[in-house]
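Okay, so here's the structure we're looking at.
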Amino acid sequence: MWRSCLRLWDEGRRLLNRPRGGLIASVGPGPNPRLQARAYAPLTERKRFYQNVSITQGEGGFEINLDHRKLKTPQAKLFTVPSEALAIAVATEWDSQQDTIKFYTMHLTTLCNTSLDNPTQRNKDQLIRAAVKFLDTDTICYRVEEPETLVELQKNEWDPVIEWAEKRYGVEIGSSTSIMGPSIPARTQEVLISHLASYNMWALQGTHRSRSAAALSQVGALGPDLACVPAGIEFVVTQLKSMVLTLGLIDLRLTVEQAVLLSRLEEEYQIQKWGNIEWAHDYELQELRARTAAGALFVHLCSESTTVKHKLLRE
């Protein structure tokens, strides 16, 4: 994960310290409530309307500039992120667009928009509990009874991940062949809720240590209930259909490729047995990897520390 951060830093460093534009323009629809649902519908493509992308540091965090215009969210809020590394990653997404802007490839931008606008109006506790709720239908907790080869495959590939999670967090998870799934103890859910609550929050703990109290209060004005890390974790959970695999990925126990393949274990088994649909399965796999990687990177970059980053760069 740190290698990814450093790679983004190297690729995006040239984006820093470019001339700061004086005009403010909105990229996306305004804050009309009737447009909120439409604002978060996936956009297709749009002709690229800017030449240069740059990053500037404001009082509320790091901003993205498209030529002389400041990037804004679909609800017309100033697009401001708390981490320089995250700003570089988002700026790289915009800078890498060619003649047309392919919004469906800009997963980090989408996650930032969701965190800033919070279109579902959920607070930190609600986001965390929604993510942990996936334990009730966790992909790797549901097992088949036949064929024997698939039963053995699930046991060999999924059991070690569950055992790791149980040991890592001191909980019981288990698995079941019942259509009702395993019975997850209430204590397990509460332990994981407590664990996720310990992550840095966008508006409360994601700011740089050197920032003034006035600047911190301005960041807080974005909304103390906005929870970028739990939002990112929930995004990964929905991709993998597994809270256990998400924990393994965020904890660096699993790579993106491993987590995705484990989440698709039954599908990959069927593909090996019956063959795949030309191009369709490969496209789906690559897209799932991209979304999962973006979500995991988002979680880590939201908690990125400038002090730590600069220390690593010096080494």
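The values are calculated or read from the model by the stated rules, or taken from the named source; none is laboratory data. Only a predicted model underlies this, so the values are computations on that prediction, with no experimental measurement involved. Backbone-built Cβ (ideal geometry, glycine too); neighbour counts: all protein chains shown. Calculation scope for accessible area: heavy atoms of the full protein, side chains included, ligands and nucleic acids excluded. Shrake-Rupley method; radii C 1.70, N 1.55, O 1.52, S 1.80 Å.
What about E63, is it acidic (D, E) and within 16 Å of the chain's Cα centre (by Cα)? Here the answer is no, as E63 does not meet what is asked. Among the residues of the range 120-146, which ones are of a type in the set (D, E) and buried (at least 17 other Cβ atoms within 10 Å of the Cβ)? D138 - this is the single residue of the range 120-146 that is of a type in the set (D, E) and buried (at least 17 other Cβ atoms within 10 Å of the Cβ). Hey, does the range 253-260 have a residue that's at pLDDT below 90 and among the hydroxyl-bearing types (S, T, Y)? No, the conditions are met nowhere in the range 253-260. Answer yes if at least one residue in the range 166-177 is at pLDDT 95 or above, touching a Phe, Trp or Tyr at 6+ places or on another chain (Cβ under 7 Å) and not hydroxyl-bearing (S, T, Y), and no otherwise. Scanning the range 166-177, I find no residue that is at pLDDT 95 or above, touching a Phe, Trp or Tyr at 6+ places or on another chain (Cβ under 7 Å) and not hydroxyl-bearing (S, T, Y), so the answer is no.
Going through the range 68-118 one residue at a time, which ones are acidic (D, E) and either assigned to a strand (DSSP E or B) or open to solvent by 20 Å² or more (accessible area, probe 1.4 Å) (or both)?
Step one: filter the range 68-118 for residues acidic (D, E), giving 84, 93, 95, 99, 117.
Correct list: E84, E93, D95, D99.
For the range 164-201, taking the residues that are over 20 Å from the mean Cα position of the chain (by Cα) and polar (S, T, N, Q), the one that is nearest to V81 (Cα to Cα) is identified as Q189. Out of L150, L135, one residue alone is within 30 Å of Y269 (Cα to Cα) and either at pLDDT 95 or above or in a loop (DSSP other than H, G, I, E, B) (or both). It is L150. When only residues in the range 228-269 that are assigned to a helix (DSSP H, G or I) and of a type in the set (S, T, N, Q) count, which is nearest to S198 (Cα to Cα)? The residue in question is T246.
Taking the range 101-149 as the range and being farther than 30 Å from S176 by Cα and basic (K, R) as the test, the residues that pass are K102, R122, K124.
Hey, among the residues in the range 284-303 that are among the small types (G, A, S) and assigned to a helix (DSSP H, G or I), which one's farthest from V236 (Cα to Cα)? Step through it out loud before you land on a result.
As a first pass, look at the range 284-303 and keep what is among the small types (G, A, S): 290, 293-296, 303.
Adding the requirement that they be assigned to a helix (DSSP H, G or I) leaves 290, 293-296.
Details: A290: 11, A293: 8, A294: 9, G295: 5, A296: 7 Å.
Filtering the range 284-303 for residues that are among the small types (G, A, S) and assigned to a helix (DSSP H, G or I), the one farthest from V236 (Cα to Cα) comes out as A290.
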